[in-house]
Amino acid sequence: MKKKSTISVCMIVKNEEHMLEKCLDSIKDIADQIVIVDTGSQDNTINIAKKYNTDIFHFQWTNNFSDARNESIKHAIGDWIFWLDADERLTNESKNLLYSIVKKKIKYPTIYKVNIKNIQNKENNFYISDAHRLFTNHKGIIFTGRIHEQVSPSLKKINGIERNCDIEIIHYGYNLDEDSARKKNARNRNLLEKMIVEKPNYGYGYYTLGQNYGLTEENEKALKCYRKAFDLNQFNSEMTASLLATMSEVLFKLNKLEEAELNLKKSIKIEPIQCGSYYFLYKIYEKNNNINMTITWLNKLLDMTKIINKSGKKISTDVVIDEEIILQTLAKKHIENQDYEKAKEIYIKLLNHNENNILAIRGLMNYYLDNNNFEYGLTYFEKLKMHLSVKDIDYLNTIATILIKNHQFIFAIKVYEFILSKSPNNELALKRTVGLLAKIGKIKEAEELLLTYQNSIKRK
């Protein structure tokens, strides 16, 4: 009988009592071994870990994440190693994917890159990144780097194989309150600054330190790091394209727009299939008030987003923007450019993406009202009503006034009736509804509405 491949889940932890249980729940069914290396917990972390039949080891923290990671994999006995942090979860949907990979017979050292869904706040906003988290338990695969530790450099030294997969991890480490985020950033900066002192010619160290400075808007320091990383010329084409795009974001913030544009176009020349550079080229032309080129780059960004959504990212650090957001921005820019027909086309595309898109519904209603197509305008008003509230009354009053000027009295009455449903004592809406009902010959309804209003005033 063929021996089943086994999985060791390896973790390093410290004071993770609030996160650890849910993490271990997510992997207990797939792990043949769970290795926990604790670096000095003073809370209930160890007791939680013991509930899951884990192999627990204690390790003196050395201000080096790779040291702790390597201690964890030293104790791994599985054929495969899958590593997680306590603030992460393996999705249920990914368990079968994981099994399908590890059951393969692998002769050579192999690492897999997985997708990481980084939750950013309580509203569940997120962005997708990727990292090497699954690898064969071969001698020679180790972590390197004081912080932002990696296994890929060691794999290259032993001529291993790197592959991608669709396994997904959910990461809650960026979903922090302001004080926790500040402390985490300060800790990381200390380690990164030590790393470049120890390795003054390590390009990736300068790149990640630049990112850290960027988090606190220390953009001049970030730019200096990025330029040093670029000058060291140690990256492959993917990372070079990423570095140029990231550097351009800082240049944009510093208003060095010409240099930013030059770097972005270099990045695109190296790797055309990306979103980041197209996004900042759009932002540059928007800042320069060049509406036509703003629209041009937005359209290119939209094209790239479609390609990447279909075939995947070419740059692992690239951030893919939702197509609906790009379309909404394009619609607004066409309105600014007074190209209402193009805006209409975009609104229709938006509704194909999401039939409840408020911007598109409102935009199409306004388009048809402006073109005196009141029948279509009323159709979109009926769709829009479910998304409106008291705060939209001024907007609705404007719409109703336009309708009255165009003798669209029945449509105007529907608007005022809706206002009254949200604000029953709105005097302007009451008076105009009474007047309009009388104007179209509905005298009895006008009198009843007026009487209802007068009685409500007396009760007050």
Within the set of pairs 6 or more residues apart or between chains, which connect a residue that is over 14 Å from Leu359 (Cα atoms) and crowded, with 17+ Cβ neighbours inside 10 Å inside segment 373-398 to a residue that is at pLDDT below 95 and of a type in the set (Lys, Arg) with Cβ atoms less than 8 Å apart? Leu378/Lys414; Ile393/Lys422
Can you tell me which residues in segment 220-243 are surrounded by fewer than 20 Cβ atoms within 10 Å (Cβ to Cβ) and more than 22 Å from Ser152 (Cβ to Cβ)? Glu220, Lys221, Lys224, Arg227, Asp231
Filtered residues of segment 341-358 (kept if surrounded by fewer than 16 Cβ atoms within 10 Å (Cβ to Cβ), within 30 Å of His407 (Cβ to Cβ) and of a type outside the set (D, E, K, R)): Ile348, Ile358
Could you figure out which of (1) hydroxyl-bearing (Ser, Thr, Tyr); (2) touching a residue at least 12 places away in the same chain (Cβ under 8 Å); (3) closer than 29 Å to Gly312 by Cα isn't true of Ser100? (2)
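Sort out for me the strands (runs of 3 or more DSSP E) sitting completely within segment 2-90 that have 2 or more residues that are under 30 Å from the mean Cα position of the chain (by Cα) and buried (at least 17 other Cβ atoms within 10 Å of the Cβ). Don't jump to the end; show me each part of the working.
Values: elements: 7-13, 33-38, 55-58, 80-83, 88-90.
Fully inside segment 2-90 and qualifying: 7-13, 80-83, 88-90.
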Helices (runs of 4 or more DSSP H) wholly inside segment 354-460 containing at least 1 residues that are farther than 26 Å from Thr329 by Cβ: 374-384, 393-405, 409-422, 427-439, 443-459
Taking only pairs six or more apart or across chains, which ones have beta-carbon atoms under 8 Å, a first residue in segment 403-418 that is buried (at least 21 other Cβ atoms within 10 Å of the Cβ), and a second residue that is among the β-branched types (Val, Ile, Thr) and assigned to a helix (DSSP H, G or I)? Leu403/Val415; Ala412/Ile404; Ile413/Thr433; Val415/Ile399; Tyr416/Thr433
Of the residues in segment 337-359 that are modelled with pLDDT of 95 or more and among the acidic types (Asp, Glu), the one that is nearest to His387 (Cα to Cα) is Glu345
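Surrounded by fewer than 16 Cβ atoms within 10 Å (Cβ to Cβ), out of contact with any His (no Cβ under 6 Å at 6 or more places or on another chain), over 30 Å from Ile321 (Cα atoms) and modelled with pLDDT under 95: is that true of Lys122 in this structure? Reasoning before the result, please.
On the way: surrounded by fewer than 16 Cβ atoms within 10 Å (Cβ to Cβ): yes; out of contact with any His (no Cβ under 6 Å at 6 or more places or on another chain): yes; over 30 Å from Ile321 (Cα atoms): no; modelled with pLDDT under 95: yes.
Taking the combined requirement at face value, the residue does not satisfy it.
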Of the conditions (1) surrounded by 20 or more Cβ atoms within 10 Å (Cβ to Cβ); (2) in contact with a helix residue (DSSP H, G or I) (Cβ under 6 Å, 6 or more places away or on another chain), Thr246 fails just one. Which one is it? (2)
What's the number of the only condition in (1) over 25 Å from Tyr282 (Cα atoms); (2) modelled with pLDDT of 95 or more that Lys194 fails to meet? (2)
Residue check for His148: in contact (Cβ under 8 Å) with a residue 24 or more places away in the chain and either of a type in the set (S, T, N, Q) or assigned to a strand (DSSP E or B) (or both): no
Scan segment 414-434 and give yes if some residue there is touching a Ser or Thr at 6+ places or on another chain (Cβ under 6 Å) and not small (Gly, Ala, Ser), otherwise no. yes
For the structure I just gave you, tell me whether Thr216 is among the β-branched types (Val, Ile, Thr), surrounded by 19 or more Cβ atoms within 10 Å (Cβ to Cβ) and not assigned by TED's automatic domain parsing to the domain that holds Asp67. no
Condition (residue is closer than 16 Å to Val9 by Cα, out of contact with any Cys (no Cβ under 6 Å at 6 or more places or on another chain) and hydroxyl-bearing (Ser, Thr, Tyr)) applied to segment 140-158: is it met by at least one residue? no
Quick one: Gln33 ticks every box in (1) of a type in the set (S, T, N, Q); (2) free of Cβ contacts under 8 Å to residues at least 60 places away in the same chain; (3) farther than 25 Å from Ser154 by Cα except a single one, so which number is it? (3)
How many residues does segment 285-325 hold that are surrounded by fewer than 18 Cβ atoms within 10 Å (Cβ to Cβ), at pLDDT below 95 and acidic (Asp, Glu)? 3
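The values are calculated or read from the model by the stated rules, or taken from the named source; none is laboratory data. Everything numeric here is computed off the predicted structure, so don't read it as measured data. Quick reminder, even Gly has a Cβ in these numbers, built from the backbone with ideal geometry, and neighbours come from all protein chains shown.
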